[in-house]
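Have a look at the structure below before the remarks.
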Amino acid sequence: MKKCLLIHSSFNHLGGAEMLSFRLINSLIKSGYKVYVLQIGKKIDLNEISRWSGIDVNEKHIEQINSCTINLIDKIMAGRKLSLLRYALALRLSRLYNKRYDLVVSSFGEMPLEIHNGFQFIHAPLFSASSDNLKYLGFSSDNILKEIGRKFYVFLSRFIAGWSASKVEKFFSIANSKWSAEEIKKCYPNIEVDYSYIGASTKKVFTESNIDSLWLNRKNSVAILGRVAKGKNIELAIEFIEKMRIDIPDLHLSIFGSPESEEYRLEIENLIKGKPFIKWYIGLSRDELEDKISTHKWGLHCSIYEHYGLSAIELQRLGCITFVPNSCGQKEVTNNHLLKYSSLNELLYNFKEIFHSPQLINEANISRLEVIKNHTIDRHDEQMSKIFYERY
């Protein structure tokens, strides 16, 4: 059996990149590889991953690389995400191992390694220090000192990883959206890059074209899904629901997701305190999550700088007519212009337009069905398996 080293930042925090990692692992296993995982984080609990993502990985074909060095680094960085720095350290440590493997894969970003056989899945150019790129990596500040500090962090990570553009450009790459692929090409002009919509997996999927059938027993509520973190712009959803209730007083908001930090948890709890029309669900099982979301009519995605928008796909699969920011990769997860917004005012206007028009509601549902058809995990995973089989 061939051996593959898969490099990731950390599985301490679970999000779209981590879900993709385990789907890549399954594609590699199907292509005849045993997969060895290198990441700076706690030991991966495959049962927890399965409960969270619905993805089952054959534990006979996966092995986790562990060492005193990895454990020490993880303890030093405890409580801090520092995803780019963790990834840079994982890349650095991989030099001790990568010559033993037939293929080295990154499921997190650019892979500046001096190896013969490599593949990289790049969500966005992580090692870019331009101001525009820093924004879509979740960092924004009008404080020049903070921006300088962030750029120092990027350059430090470059140094640790041994980054150079020419090293990254050696390897074939896949991005998770057309927008991401274009951004990657701007940073690495000589790279061979394509894109593949990674799709989403939910146990439930609602394909009713008749809106009355779809909305039978659903509440007039808006669902948002995913990590509750600074960059996810949860505050916008709260402001939206408060203003929207002036015209639609029975409208409610449900937040589904765990807080990324205790500080941010307290911040959001203070914002929703005394507002019984907003509920926050934390720690639900996958089945409980899908059951609750599928009682909602509406979905909302708030993160402005998203490389793809996995949760927006999941919301649509679960029957929610979902609004997304008209920016970055998530604008590709709907083809209905009224479901895209560039500001809170535009979101309020578009929501009211659709809410009060049966015709626009039906058109939005048709758009939702097209998304379900075009953004499937089967299509993406088959493409990945084909790449691993034909190229490597």
Given labels modelled 7 Å from the Cα in the Cβ direction, how far is it in nm from N47 to K75? 2.6
Take the Cβ-Cβ distance between D250 and S343 as r, set R0 to 35 Å, and report the resulting FRET efficiency rounded to the nearest 0.05. 0.90
Estimated D of the chain in µm² per second, where Rh is the Kirkwood radius over Cα pairs and Stokes-Einstein applies at 37 °C, 0.692 mPa s: 151
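Please work out whether segment 155-259 counts as rounded, prolate or oblate from its C-alpha gyration tensor, where a ≥ b ≥ c are the square roots of the eigenvalues and a/c under 1.5 means rounded, while otherwise a/b larger than b/c means prolate and anything else oblate?
prolate
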Total charge dipole magnitude, segment 1-135, about the Cα centre, Cβ charges on Lys, Arg, Asp, Glu only, Debye to nearest 20: 240
Over the Cα atoms of segment 281-392, Rg to Rh with Kirkwood Rh, two decimal places? 1.03
With -39,500 (n - 2.57) per DSSP H segment of 4 or more residues and division by the full residue count of the chain, the 222 nm estimate, nearest 500 deg cm²/dmol, is -13000 deg cm²/dmol
Could you put M384, M244 in order, starting from the residue whose Cβ has the fewest other Cβ atoms within 10 Å? M244, M384
In this structure, the FRET efficiency calculated for E288 and H356 from their beta-carbon separation, with R0 = 35 Å, to the nearest 0.05, is 0.60
Sorted by chain and then number, the residues having a modelled amide H within less than 5 Å of the amide H of T322, at least 5 places away or on another chain, are G299
Lysine pairs with alpha-carbon atoms under 24 Å apart, segment 156-250, spacing 8 or more or separate chains: 13
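The numbers here are math on the coordinates, done by the rules we state, and not lab data. Just so we're clear, the structure is a prediction, and the values are computed from it rather than from any experiment. Virtual Cβ from ideal backbone geometry, glycine too; neighbours counted across all protein chains shown.
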